[in-house]
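The structure under discussion appears below in the form of structure tokens.
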Amino acid sequence: MPGRLPSSVLFVCSTNTVRSPMAEAFMRLYHGHRVFVQSVGVRRREMDPFTVAAMAEKGIDLSAHKPRTLDELEDMSFDLAVTLTPEAHHRMLELTRTLAIEVVYWPTQDPSAVEGSREQMMAAYRGVRDAIERSVVTRFPRDGAPFV
């Protein structure tokens with residue numbers, strides 16, 4: 001459901017290598033400096049090259065993205081945390097029990113679980129990328145109006 005634009009959003013997934021960096025990038029694309037945005041993962045892993053390739057197709061360069069974990073956050077002073085995996089959701093609920101931060105869950109497929117040809121894998125990443133973009137523009141409309 002669209003709502004007012006929060007001043008700060010944290011996107012959280014399992015490893016900060018696929019879904020949360022995509023969401024962070026789309027939030028920055030559509031809202032620039034109006035919203036402070038970061039992304040993290042529960043666990044550490046190297047950046048996923050398919051994520052970089054899928055986002056490059058949209059003109060977004062994630063090649064310099066350095067995956068970060070929740071433990072690396074300096075503070076949890078966010079208005080909203082959007083979790084993209086069950087693991088991330090449970091961890092955030094645990095961490096924010098005593099904090100005034102809204103935690104919402106956007107169930108999101110894991111394209112890295114797809115096996116097959118490069119094109120089949122890219123199709124999975126594109127699907128997730130496009131779903132995340134739709135979620136961002138639906139939940140965080142520009143100037144209070146939904147995107148068309």
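Derivation of every value follows stated rules applied to the coordinates shown; laboratory data play no part. The structure displayed is predicted, hence computed values, not measured ones. Methodologically, a virtual Cβ is constructed for each residue, glycine included, from the backbone with ideal geometry; neighbour enumeration extends over all protein chains shown.
Below are the figures for this structure:
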| item | result |
| --- | --- |
| Amide H partners (placed H, <5 Å) of Val103, local residues excluded | Ala81 |
| Debye intensity ratio in log₁₀ form over the Cα atoms of the range 1-52, taken at each q of 0.13, 0.24, 0.26 Å⁻¹ | -0.32, -0.89, -0.98 |
| At R0 = 25 Å, FRET efficiency that the Cβ-Cβ distance of Arg142 and Glu115 yields, to 0.05 | 0.10 |
| Sum of side-chain charges, Ile101 neighbourhood, beta-carbon under 14 Å (Lys, Arg +1; Asp, Glu -1) | -2 |
| Whole-Å semi-axes of the chain's equivalent ellipsoid (Cα gyration tensor) | 23, 19, 13 |
| Over the chain: helical MRE at 222 nm, DSSP H runs n ≥ 4 each giving -39500 (n - 2.57), nearest 500 | -11500 deg cm²/dmol |
| Cut-off under 5 Å, modelled amide H: who pairs with Thr15 long-range | Val42, Arg43 |
| Separation of the Val104 and Arg28 label points, Cα + 7 Å toward Cβ, nm | 2.2 |
| Cα lying deepest toward the dipole's positive end in the range 8-138, options Tyr30, Ser14, His65, charges on Cβ | Tyr30 |
| Using a Förster distance of 22 Å, the FRET efficiency for Arg4-Ser77 (Cβ separation, nearest 0.05) | 0.80 |
| Relative contact order, percent, the chain [alpha-carbon distance under 8 Å, six or more residues apart] | 30 |
| Approximate spin-label separation Arg97-Glu57, in nm, with each point projected 7 Å along Cα-to-Cβ | 4.2 |
| Under-5 Å amide H pairs with Thr69, H placed in peptide plane, nonlocal only | Gly41 |
| Most to least packed among 75-87, 110-122 [average Cβ atoms within 10 Å] | 75-87, 110-122 |
| Computed magnitude of the charge dipole of the range 8-138 (debye, nearest 20; Cβ of K, R +1, Cβ of D, E -1) | 120 |
